[in-house]
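Chemist: This is the structure I have questions about; it appears just below.
The values are calculated or read from the model by the stated rules, or taken from the named source; none is laboratory data. All figures in this text were calculated on a predicted structure; none of them were measured in a lab. Cβ placement follows ideal geometry from the backbone for every residue including glycine, while neighbour counts extend to all protein chains displayed. Remember, those area values only see protein heavy atoms, side chains included, never the ligands or the DNA or RNA. Shrake-Rupley method; radii C 1.70, N 1.55, O 1.52, S 1.80 Å.
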Amino acid sequence: MKARDMLENILLCDNACLKYVQSLRSPVLDEIMPWITYLGDAGLIWIGWALVLCCFSEKRKTGLLMIFALVITYVISTLGLKNVFARQRPCVQFPEALFFVCPGGFSFPSGHSISSFCAAGVLFFRHEKGAGIALFIAFMIAFSRIYLFVHFPFDVLAGGLLGTGTAYALVVLQKKYWNE
């Protein structure tokens, strides 16, 4: 399969998945989803979680790894890949479907998803208590981005995979080079 054909298939699947998620809309979810997405704004929930961990000596390494992962994924996504791919958000491409404020910037990859999954991934790969809750929050934040029509599913999937991969790589490197 040619790269162009593969890209076309991804875009078709992206649009179909986005349309399906939009079919799930309800007044209750329309009220809840913005609050869920706000949890991921600027990675604040994850920064707060990391700072709390840094207050306890036995958890400090995890907190510092979370902060480092958030910085790395910010550089990868917001300063890097978003500008390389320059993909317009669905709310820009299809403004008639908009019911939430369309954020500025580009769509691919989802910054909310990459930051959420890198922070939750650090907790998971370090076998920390609360990792399951963190992964659930990360999933909900990522889903809210599709529901609110500000990201395509592939943006969120790529963000989740990049965030998880970054978390895994950092934890492996930490165990190899910073295991006191």
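Chemist: Going through segment 134-146 one residue at a time, which ones are of a type outside the set (A, V, I, L, M), over 14 Å from D41 (Cβ atoms) and either under 10 Å from the mean Cα position of the chain (by Cα) or surrounded by 23 or more Cβ atoms within 10 Å (Cβ to Cβ) (or both)?
Modeler: Step one: of segment 134-146, the residues of a type outside the set (A, V, I, L, M) are 136, 139, 143-145.
From what's left, over 14 Å from D41 (Cβ atoms): 136, 139, 143.
Within segment 134-146, F139, F143 meet the criteria.
Chemist: Report whether or not K175 is free of Cβ contacts under 8 Å to residues at least 12 places away in the same chain and part of a helix (DSSP H, G or I). I'd like the intermediate steps shown before the answer.
Modeler: Details: free of Cβ contacts under 8 Å to residues at least 12 places away in the same chain: yes; part of a helix (DSSP H, G or I): yes.
Criteria met by K175.
Chemist: Continuing with this model, one more query. State whether the residues of segment 151-160 include one that is out of contact with any helix residue (DSSP H, G or I) (no Cβ under 7 Å at 6 or more places or on another chain) and open to solvent by less than 70 Å² (accessible area, probe 1.4 Å). Break it down into steps so the answer makes sense when it comes.
Modeler: If we filter segment 151-160 for residues that are out of contact with any helix residue (DSSP H, G or I) (no Cβ under 7 Å at 6 or more places or on another chain), which is where we start, we get 155, 157-158.
Now narrow it down to the ones that are open to solvent by less than 70 Å² (accessible area, probe 1.4 Å): 155, 158.
The answer is yes, given that some residue of segment 151-160 is out of contact with any helix residue (DSSP H, G or I) (no Cβ under 7 Å at 6 or more places or on another chain) and open to solvent by less than 70 Å² (accessible area, probe 1.4 Å).
Chemist: Okay, next question. With the requirement that a residue be of a type outside the set (S, T, Y) and within 14 Å of the chain's Cα centre (by Cα), what does segment 72-88 give you? It would help to see each step written out before you state the result.
Modeler: Pass one, segment 72-88, residues of a type outside the set (S, T, Y): 72, 75-76, 79-88.
Once the filter is applied, which keeps residues that are of a type outside the set (S, T, Y) and within 14 Å of the chain's Cα centre (by Cα), segment 72-88 yields I72, V75, I76, L81, K82.
Chemist: Oh, and also: Hey, could you check segment 89-118 for residues that are of a type in the set (S, T, N, Q) and surrounded by 15 or more Cβ atoms within 10 Å (Cβ to Cβ) and say which is farthest from the chain's Cα centre (by Cα)? Even if it seems obvious, please write down each step before you answer.
Modeler: Of all residues in segment 89-118, those of a type in the set (S, T, N, Q) come to 93, 107, 110, 113, 115-116.
Applying the additional criterion that residues be surrounded by 15 or more Cβ atoms within 10 Å (Cβ to Cβ) yields 107, 110, 113, 115-116.
Working: S107: 11, S110: 5, S113: 1, S115: 5, S116: 5 Å.
Only one residue tops the list, namely S107.
Chemist: On to the next question. Based on this model, can you work out whether V101 counts as aliphatic (A, V, I, L, M), closer than 16 Å to F149 by Cβ and free of Cβ contacts under 8 Å to residues at least 12 places away in the same chain? It would help to see each step written out before you state the result.
Modeler: Working: aliphatic (A, V, I, L, M): yes; closer than 16 Å to F149 by Cβ: yes; free of Cβ contacts under 8 Å to residues at least 12 places away in the same chain: yes.
Spelling it out, V101 is indeed aliphatic (A, V, I, L, M), closer than 16 Å to F149 by Cβ and free of Cβ contacts under 8 Å to residues at least 12 places away in the same chain.
Chemist: Scan S113, S107 and give me the residue that is touching a Lys or Arg at 6+ places or on another chain (Cβ under 7 Å), within 22 Å of D14 (Cα to Cα), at pLDDT 95 or above and polar (S, T, N, Q).
Modeler: Numbers: S107 fails: at pLDDT 95 or above.
Checking each option against the conditions leaves just S113.
Chemist: Which condition from (1) without any contact (Cβ under 8 Å) to a residue 40 or more places away in the chain; (2) open to solvent by 20 Å² or more (accessible area, probe 1.4 Å); (3) over 23 Å from N15 (Cβ atoms); (4) in contact with a Cys (Cβ under 9 Å, 6 or more places away or on another chain) is the one that G63 breaks?
Modeler: (2)
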